[in-house]
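See below for the structure under consideration.
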Amino acid sequence: MCESYKVIQVAKSQIGYLEKSSNSQLDDFTANAGRANYTKYARDYKGFAGEDYQGQAWCDMFVDWCFVKAYGVNKARDLLGGFDAYTPASAQYFKSRGQWYTSGPQPGDVVFFENSRRINHTGIVTEVKDGRVYTVEGNTSSGGDVVRNGGGVWPKSYALYNSKIAGYGRPAYAQQSDQDYVTGLYHDLLGREPDAAGFACWVDALQGGASRDNVRQAFLQSEEYQSKRQAAEDTPVMAYQRWLNTYLGGYLKEPLEIDGKCGAKTKKAAVMAVQLYLNKNCGSRLAVDGSFGTKTKTAYETVCRGRKGDNVRVVQGLLYGHGYDPAGFDGSCGAGCEKAIKQYQADTDRLVVDGRCGKATFAELVR
């Protein structure tokens, strides 16, 4: 068994802990609960890291605390590359040591999330299955989306394609046996127990000199894995891209690649779809060029609760592309869509949180 199980057990043991309103009753899970960022994790962090960040955002201190409890100060420092309460710095530790991955998470990885400006939240991966990554995070909420500064320790899960996942830092845990490693690949990537012939083949390959990374890549490239991945990753963003191709038709020089990524071409197509909508429904006579300039901003119609139309569908697709769930891709802005807009606005830090996708929010979505 890989020794990552130790930190996973520690993290799970903390589920339900609530931050405190003051520097009192820090060890009790629920007493003195508040929103002032006082925690036992920051108190203990000062002891092993030498920095006092009590009363400040504590997701990163929670991760460091779990590693220290699982392995002791010195080994935790070595596994993480160092202690830091600032998430971009902690991510950089892994990047500097070649232990940074943007796909293929594993239990025991440290997951990092980002907003439009920087990495801003972190947690510990506990499981990967059925196209989702499961985590335990500090300073979050029990809700479904990425929530920084949320007030407690909670288990979370995300689709592997969630655009707010920046990447994964992988500590250099003590190695598993070849047999355990191959079994883990069958479980994590194929979702099943090993078949005898395949198991023996891969173990023999490792013992014959093949690297673990090469064996893992072979699993990732296998027809069985690709078939499962296709089923798991037929994402809402892919559906959005297909819709944009159909809606825009000849206005696109070439169809969007259905890759599930809300990149520059998809965002440009989203602006074109809004321009086409405004021309069709409002007589705006805009150039369908994908530029959210002065004329398009002037003609733009705010998407808010109760609105229906293809302009709502454009916003819903963009929300999915940014990792927020508007509860449907149906062209109707209901409670779920309004909630997703608010969550996006709150996480972006530069927008008024009102649940209305006006010009400023739309401009941020397509930036």
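The values are calculated or read from the model by the stated rules, or taken from the named source; none is laboratory data. Since the structure is predicted, the reported quantities are computational estimates derived from the model, not experimental observations. Neighbour counts run over all protein chains shown; Cβ positions are idealised from the backbone, glycine included. Keep in mind that these areas ignore ligands, DNA and RNA; they rest on the heavy atoms of the full protein, side chains included. Shrake-Rupley method; radii C 1.70, N 1.55, O 1.52, S 1.80 Å.
I'd like the full set of residues that are open to solvent by 20 Å² or more (accessible area, probe 1.4 Å) and among the aliphatic types (A, V, I, L, M), limited to the range 9-38.
Correct list: Val10, Ile15, Leu18, Ala31, Ala33, Ala36.
Can you tell which of Thr126, Thr87, Thr183, Thr140 is within 30 Å of Gly50 (Cα to Cα), touching a Pro at 6+ places or on another chain (Cβ under 8 Å) and not basic (Lys, Arg)?
Residue meeting the stated conditions: Thr126.
Table: residues versus (1) surrounded by fewer than 17 Cβ atoms within 10 Å (Cβ to Cβ); (2) under 23 Å from Asn115 (Cα atoms); (3) at pLDDT below 95; (4) not aromatic (Phe, Trp, Tyr).
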{"position": "Ala273", "(1), (2), (3), (4)": "no, no, no, yes"}
{"position": "Ala287", "(1), (2), (3), (4)": "yes, no, no, yes"}
{"position": "Lys295", "(1), (2), (3), (4)": "yes, no, no, yes"}
{"position": "Leu319", "(1), (2), (3), (4)": "no, yes, no, yes"}
{"position": "Asp325", "(1), (2), (3), (4)": "no, yes, yes, yes"}
{"position": "Tyr344", "(1), (2), (3), (4)": "no, yes, yes, no"}
{"position": "Arg350", "(1), (2), (3), (4)": "yes, yes, yes, yes"}
{"position": "Asp354", "(1), (2), (3), (4)": "yes, yes, no, yes"}
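(1) open to solvent by 30 Å² or more (accessible area, probe 1.4 Å); (2) not in a helix (DSSP H, G or I): which one isn't true of Asp78, the others all being true?
(2)
Give the residues of the range 81-97 that are outside any loop (DSSP other than H, G, I, E, B), out of contact with any Lys or Arg (no Cβ under 8 Å at 6 or more places or on another chain) and either surrounded by fewer than 21 Cβ atoms within 10 Å (Cβ to Cβ) or free of Cβ contacts under 8 Å to residues at least 24 places away in the same chain (or both), sorted by residue number.
Scanning the range 81-97 gives Ala89, Gln92, Tyr93, Lys95, Ser96.
For Val68, indicate whether it is touching a residue at least 24 places away in the same chain (Cβ under 8 Å), within 19 Å of Asn120 (Cβ to Cβ), in a helix (DSSP H, G or I) and open to solvent by less than 30 Å² (accessible area, probe 1.4 Å).
Against the criterion (touching a residue at least 24 places away in the same chain (Cβ under 8 Å), within 19 Å of Asn120 (Cβ to Cβ), in a helix (DSSP H, G or I) and open to solvent by less than 30 Å² (accessible area, probe 1.4 Å)), Val68 does not qualify.
Give the residue that is most open to solvent (accessible area, probe 1.4 Å), with candidates limited to residues of the range 98-117 that are over 23 Å from Asp188 (Cα atoms) and in contact with a strand residue (DSSP E or B) (Cβ under 9 Å, 6 or more places away or on another chain).
Ranking the qualifying residues of the range 98-117, first place goes to Glu114.
Can you tell me which of Tyr53, Tyr5 is part of a helix (DSSP H, G or I) and in contact (Cβ under 8 Å) with a residue 12 or more places away in the chain?
Step by step, each of Tyr53, Tyr5 is checked, and only Tyr5 is part of a helix (DSSP H, G or I) and in contact (Cβ under 8 Å) with a residue 12 or more places away in the chain.
Quick check, is Lys267 open to solvent by 20 Å² or more (accessible area, probe 1.4 Å), closer than 23 Å to Thr348 by Cβ, out of contact with any strand residue (DSSP E or B) (no Cβ under 7 Å at 6 or more places or on another chain) and not β-branched (Val, Ile, Thr)?
Yes.
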